[in-house]
Amino acid sequence: MDNFIFSINATLPIFLTMVLGLVFRKIGVFDDAFTNRMNSFVFKFALPALLFEDLWEENFYQAWNGGFVLFCFCATLGCIIVSTALSSFLKDKSDRGEFIQGSYRSSAAILGIASSLTFMGNLAWRHL
């Protein structure tokens, strides 16, 4: 049950923010230009600042999980190899690069989100 509550606490705020953004866009509060500027701000400034703030006092020697990092590396490499093999079946060969890159980047993003949420959750629980 603790894992479920932790997962809900990690995903529910993100989901509600997405729904709120959709509602704001539907009622006309956000337009495309504003959305593009906010995306640029968040990815270039807000997220790096938040990451820096969260990791500033962390003891990486204590928090490092080499086995998990190795697993993420192997999973990403496996996705690249499998997506490269599967891309040979595409009819339009010009789509191969996009298919391969999209396949392994999405897997890396999923693993990265899971590992960062786990890391941040452990960090938060240590400071409570």
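Nothing in this text is a laboratory measurement; each read-out follows from the coordinates by a stated rule. Please read these numbers as outputs of a predicted model, since none were measured by experiment. Note that each Cβ is placed from the backbone with ideal geometry, even for glycine, and that neighbours are counted across all protein chains shown.
Odds and ends about this structure:
- Local charge for residue 39 was computed over the other residues whose Cβ lies under 14 Å away, with Lys and Arg +1 and Asp and Glu -1, and equals +1.
- Chymotrypsin sites (Phe, Trp or Tyr not before Pro) within the stretch 48-79, DSSP loop, no more than 14 other Cβ atoms inside 10 Å: 56, 64
- The residues 4, 24, when put in order of fewest to most other Cβ atoms within 10 Å, stand as 4, 24.
- In terms of surrounding Cβ atoms within a 10 Å radius of their Cβ, 74, 79 rank from fewest to most as 74, 79.
- Amide H contacts of residue 30 (H built 1.01 Å from N, under 5 Å, at least 5 apart or other chain): 25
- Size-normalised alpha-carbon gyration radius of the stretch 24-80, reference 2.2 N^0.38 Å: 1.78
- Here the 3J(HN,Hα) profile of the stretch 84-94, calculated from phi with Karplus coefficients 6.51, -1.76 and 1.60 at θ = phi - 60°, is 5, 5, 5, 5, 5, 8, 5, 6, 8, 5, 6 Hz, Gly and Pro shown as x.
- By the count of other C-beta atoms within 10 Å, a proxy for reagent exposure, 96, 37 are ordered fewest to most as 37, 96.
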